[in-house]
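See structure below.
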Amino acid sequence: MQYPVLPQQPVPPLTPALPTKIRQVGAPLAVIIALGTLTALILVLIVATNPGGAVLALVLTTIAMTVVVGAYLWLDRWEPEPPRLLVLAFLWGASVAIVISVLLEVAFEYAINPTATTESATSFFTIAIGAPAIEEAAKGLFLLLMMTGVRRLELNSMTDCLVFAGLVGAGFAWMEDIFYIASGETMGASLATAGLRLVMAPFAHSLFTTCIGIAVYLALQQRHTVLKVGYLVAGYLAAVLLHGLWNASALLGPKAYFGVYVLWMMPIFALAIVLAVHSRRREQRVVAAKLPGMVAAGVVTADEATWLGSLGSRKVAVAAAAQHGKPAAKGVRHFAVQVVELAFAQDRIDRGFGDQRVIELRNDETYRVYAARAHVAPTLHWLNDYRAR
């Protein structure tokens, strides 16, 4: 465990001592603008078909998805992901995944029923098998992209994979729910659809794609390509199965729908919550395990280590620093997050995944910790004295 030592010359506050771009993995602004524009165009098409229903759908769905997104941001508090990547995940689900799904589902329906028209009902086979297979592939493609290049360095834990999978699913559900609610022939029909989709199952699409998120995390822990592919295929098939049963139940009548909801969806949703909480606790254990090595290397002080290893104690420390103003609290929070980033980089190395890129990342994160401390050194000294009283 060789952390780079603190340079003799003071580190410029909040500036990495090494001129590396490893941490600059946020989505390009041009891509976000392009996906945002595509999302807006889809909304315009929906509004054009039924303005009144579309407005109602937009308001209700946005409220529901705000709760969903808020839950994933809460889960992501320990090691927050780059905001642009989080925005990109949501927009991918609301635009790219939607467009891919619509085009391929129309092609799929035509392939099995060439005489189908836009007015004819979509077949059971398409709804229960074709749509789940296509939609989960379209959403899962974002997670596969996250596994490439420097982006995979952001997937430090299962929590990270769950967050990105959840936000892609939330974006997809947001746009799909707007479409279905706006398609109601009457206000009553729209409200009934909103109740079924937004009250009973706002997390449904996120839950389906969670299977792929788990698979991505497990695949990243493997060195053999066959095992990586095996986990990804298994996760995709699990997502399709879960999605397919849900879609099929909606077509088989109220008893089947509520039966699948109570006996299948709710237990799996509960398991997903348990897994998410366990994963976040594991993140805390990883950081706590790396703090002694950081103290020994002089990266952090023993006093700082007493509150850096717990989300609760970190929150208390940030609140105490707020007595010196918002900039001080923000600086202490930034310092704590940088320590977490360093802990995960070191954890990769300790687990045997320390290629040259990861070692450079660890070194870069170490200098960023030094820089973050330099930015709030007086506040940290006061905080350590304050906690010692």
Using alpha-carbon coordinates alone, the radius of gyration and Dmax of region 50-177 in Å work out to 16.7, 54
Quick calc, the chain, dipole around Cα centre from Cβ unit charges on Lys, Arg (+) and Asp, Glu (-), nearest 20 debye, gives 1240
Tilt, helix 51-75 to longest principal axis of the chain (alpha-carbon atoms), in degrees rounded to tens, equals 30
For region 40-45, in residue order, the Karplus 3J(HN,Hα) values (coefficients 6.51, -1.76, 1.60; θ = phi - 60°; whole Hz; Gly and Pro = x) are 5, 5, 5, 4, 4, 4
The helix 225-251 Cα axis meets the longest alpha-carbon principal axis of the chain at an angle in degrees, between 0 and 90 and rounded to 10, of 40
Tilt, helix 204-220 to longest principal axis of the chain (alpha-carbon atoms), in degrees rounded to tens, equals 50
Under the Karplus relation with 6.51, -1.76 and 1.60 and θ = phi - 60°, whole-Hz ³J(HN,Hα) for region 341-355, x at Gly and Pro, equal 4, 5, 4, 6, 5, 5, 4, 4, 5, 5, 8, x, 10, x, 6
Cα extents of the chain per principal axis, largest first, Å, are 76, 48, 41
The value for region 307-389 (convex hull of the alpha-carbon atoms, volume per residue, Å³) is 82
With x for Gly and Pro, the residue-by-residue ³J(HN,Hα) of region 79-87, computed from phi through the Karplus equation 6.51 cos²θ - 1.76 cosθ + 1.60 at θ = phi - 60° and given in whole Hz, is 9, x, 7, x, x, 5, 5, 5, 5
Mean projected area (nm²) from the convex hull of Cα positions in region 234-389 is 13.2
Dividing the mean separation of Cα pairs under 8 Å (6+ apart) by the residue count of region 93-188 yields a relative contact order in percent of 43
If one builds a Gaussian network model of the chain from Cα atoms under 10 Å apart, the most fluctuating residue listed among 86, 45, 141 is 45
With all protein chains present, the chain has a carbon and sulfur share of its accessible area (1.4 Å probe) in percent of 69
When all Cα-Cα pair distances of region 58-97 are considered, the percent exceeding 13 Å is 61
Regression test value, accessible area per residue of region 140-209, probe 1.4 Å, units Å², expected 31
Computed about the Cα centre, the charge dipole of region 349-389 from +1 Lys/Arg and -1 Asp/Glu charges at the Cβ has a magnitude in debye, to the nearest 20, of 220
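The values are calculated or read from the model by the stated rules, or taken from the named source; none is laboratory data. Note that the coordinates shown come from a computational prediction; the quantities given were computed from them, not determined experimentally. Counting neighbours? That spans all protein chains shown, and the Cβs are built from the backbone with ideal geometry, glycine included. Note: accessible area is taken over every heavy atom of the protein model, side chains too, but ligands, DNA and RNA are not part of it. Shrake-Rupley method; radii C 1.70, N 1.55, O 1.52, S 1.80 Å.
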